[in-house]
Every structure is written in C-alpha cells, then in structure tokens.
Amino acid sequence: MKALYPGSFDPMTNGHLDIIERTSQLFDEVVIAIMDNPNKKNWFTPKERMEMMLPHLPHNVTIQIFPLQLTVDVAKKVEADVLIRGLRNSEDFLFEQNMAIINQEQTGIETLFLMSCPQYMAYSSSRIKELVYYHGQYQPYVKPNIYRALKEKEKQIYEDKK
Ligand code: ADP
C-alpha cells in the first residue's frame with residue numbers, strides 16, 4: 001500500500017518527521033508531496049524544503065514537488081491508496097474533518113490521521129518561524145541542517161530590520 005503525505009513543510013519540524021517515520025512503518029511506500037502554493041508566504045522554495053528533508057527520510061519514503069492543486073488529484077497521479085495527515089489538537093481536527101469527508105465522498109480515498117506524539121504537539125512551522133523572527137530558541141524543534149538554514153534566515157531578517 002502507498003500513502004501520500006501532503007503539506008507545505010516550510011520547514012519540516014521534528015513533529016512532521018515523527019509522522020513521516022511512523023507512516024513509513026505502516027506502508028510499503030510513502031510519497032511526501034510538497035505543495036507549491038505561490039499565494040502562501042513561504043520562507044523556503046519548494047526545492048529548498050525538499051533538499052532539507054531528503055537526508056532524514058526513511059528508505060521507503062520519496063518526495064515530490066507539485067504545483068498547488070487538489071490533494072486528491074496528486075493522490076491519483078502518484079497512485080496513492082491513502083492520504084496521511086497529522087493531528088495535534090482539536091483545531092487541526094476541525095480543519096481536517098470536512099476535507100477528509102469531501103475527499104472520501106468524491107473520490108473514495110480515505111484519510112488516515114496520526115496523532116502527534118505529546119512532545120511534538122506544540123510544534124508548527126509557523127510557530128518556529130515566529131521564534132526565528134523574534135530571536136527565540138528553536139534548536140530543539142528541527143534537525144541540525146534545518147536549524148542552520150533558519151539561522152541564516154534569522155541573520156537576514158536582522159540585517160533587514162537595521
Ligand atoms: P499544511 O500547509 O498542509 O497545513 P503543514 O506543513 O503545516 O502543511 O503540515 C502538514 C501536515 O503535518 C498536516 O497534516 C499537519 O497537521 C501535520 N503536522 C504539522 N505539524 C505537526 C506536528 N508537530 N505533529 C503532527 N503533525 C503535524
């Protein structure tokens with residue numbers, strides 16, 4: 001069985017990685033889809049995001065970049081059997097439930113939700129970017145290569161604020 005894990009991953013946090021690792025143990029193959037949404041103010045290009053993630057992926061996980069489109073259409077293209085989403089809290093749940101229902105209704109594809117581990121529940125790419133922006137502590141939340149890329153962004157932001 002093949003699973004599709006779509007998202008922005010701008011950048012990947014240790015919470016995303018935990019979902020990737022756990023999904024890789026449940027499925028023969030996992031495809032991560034980086035959705036390239038030009039309307040979103042992302043910090044990293046899709047290619048940069050992909051390159052930051054590559055060193056951490058289990059052997060049965062691949063990664064591809066897709067221009068923004070319906071997730072179910074990406075699932076069809078990669079021939080995925082199931083969609084994967086991570087759930088941190090009730091806010092995530094409320095956001096995800098309608099999407100999962102409509103996706104199932106229209107195409108038959110099921111969404112499998114993995115609960116975030118308690119230690120990763122508070123992690124989000126946007127919270128980490130906020131910490132970067134205001135010179136907070138974010139090292140524990142990302143892998144070292146991603147931390148280094150964020151440090152560079154922090155320096156750039158500092159220069160721009162001058
Ligand atoms: P999107 O822009 O689609 O929300 P994200 O990159 O923010 O993409 O997240 C992709 C998926 O990973 C979503 O299902 C999100 O709920 C999940 N996710 C994000 N952070 C965590 C975390 N810390 N623990 C578990 N799941 C997470």
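Going residue by residue through segment 131-152, is there one that turns out to be acidic (Asp, Glu) and surrounded by 14 or more Cβ atoms within 10 Å (Cβ to Cβ)? No. Against the numbered list (1) farther than 14 Å from Arg22 by Cβ; (2) among the β-branched types (Val, Ile, Thr); (3) within 13 Å of the ligand (Cβ to nearest atom), Ile84 comes up short only at (1).
Residues are listed down the side, and each one gets a yes or a no for (1) touching a helix residue (DSSP H, G or I) at 6+ places or on another chain (Cβ under 9 Å); (2) at pLDDT 95 or above; (3) farther than 25 Å from Ile157 by Cα; (4) surrounded by 22 or more Cβ atoms within 10 Å (Cβ to Cβ):
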{"position": "Pro11", "(1), (2), (3), (4)": "yes, yes, no, yes"}
{"position": "Pro38", "(1), (2), (3), (4)": "no, no, no, no"}
{"position": "Pro55", "(1), (2), (3), (4)": "yes, yes, yes, no"}
{"position": "Val61", "(1), (2), (3), (4)": "yes, yes, yes, no"}
{"position": "Ala75", "(1), (2), (3), (4)": "yes, yes, yes, yes"}
{"position": "Asp81", "(1), (2), (3), (4)": "yes, yes, yes, no"}
{"position": "Ile84", "(1), (2), (3), (4)": "yes, yes, yes, yes"}
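Scanning segment 24-44 for residues that are away from the ligand (no atom under 15 Å from the Cβ) and part of a loop (DSSP other than H, G, I, E, B) gives Phe27, Asp28. I'd like to check something: does segment 95-105 contain any residue that is within 30 Å of Lys151 (Cβ to Cβ) and either part of a loop (DSSP other than H, G, I, E, B) or within 11 Å of the ligand (Cβ to nearest atom) (or both)? No; the residues of segment 95-105 include none that is within 30 Å of Lys151 (Cβ to Cβ) and either part of a loop (DSSP other than H, G, I, E, B) or within 11 Å of the ligand (Cβ to nearest atom) (or both).
Select from segment 106-123 the residues that are within 12 Å of the ligand (Cβ to nearest atom) and either of a type outside the set (S, T, N, Q) or modelled with pLDDT under 95 (or both) and list them in ascending order. Hits for segment 106-123 are Leu112, Phe113, Leu114, Met115, Cys117, Pro118, Gln119, Tyr120, Met121, Ala122, Tyr123. Evaluation of Gln137 against the conditions (1) more than 10 Å from the ligand (Cβ to nearest atom); (2) within 16 Å of Thr13 (Cβ to Cβ); (3) part of a helix (DSSP H, G or I) shows that the sole unmet condition is (3). Of all residues in segment 8-21, none satisfies being touching a strand residue (DSSP E or B) at 6+ places or on another chain (Cβ under 6 Å), touching a residue at least 12 places away in the same chain (Cβ under 8 Å) and more than 11 Å from the ligand (Cβ to nearest atom). Right, Pro55: more than 13 Å from the ligand (Cβ to nearest atom) and part of a loop (DSSP other than H, G, I, E, B) or not? For Pro55, the condition - more than 13 Å from the ligand (Cβ to nearest atom) and part of a loop (DSSP other than H, G, I, E, B) - is not met. Reported count of residues in segment 70-94, each being without any contact (Cβ under 8 Å) to a residue 24 or more places away in the chain and outside any helix (DSSP H, G or I), is 1. Of the listed requirements (1) loosely packed, with under 13 Cβ neighbours inside 10 Å; (2) within 9 Å of the ligand (Cβ to nearest atom); (3) not in a helix (DSSP H, G or I), Ser126 misses just one: (3). Of the residues examined, Gln119 is one that is within 11 Å of Gly15 (Cβ to Cβ) and free of Cβ contacts under 8 Å to residues at least 40 places away in the same chain.
The values are calculated or read from the model by the stated rules, or taken from the named source; none is laboratory data. Note that the coordinates shown come from a computational prediction; the quantities given were computed from them, not determined experimentally. For neighbour counting, all protein chains shown are included, and Cβ atoms are generated from backbone atoms with ideal geometry for every residue, glycine included.
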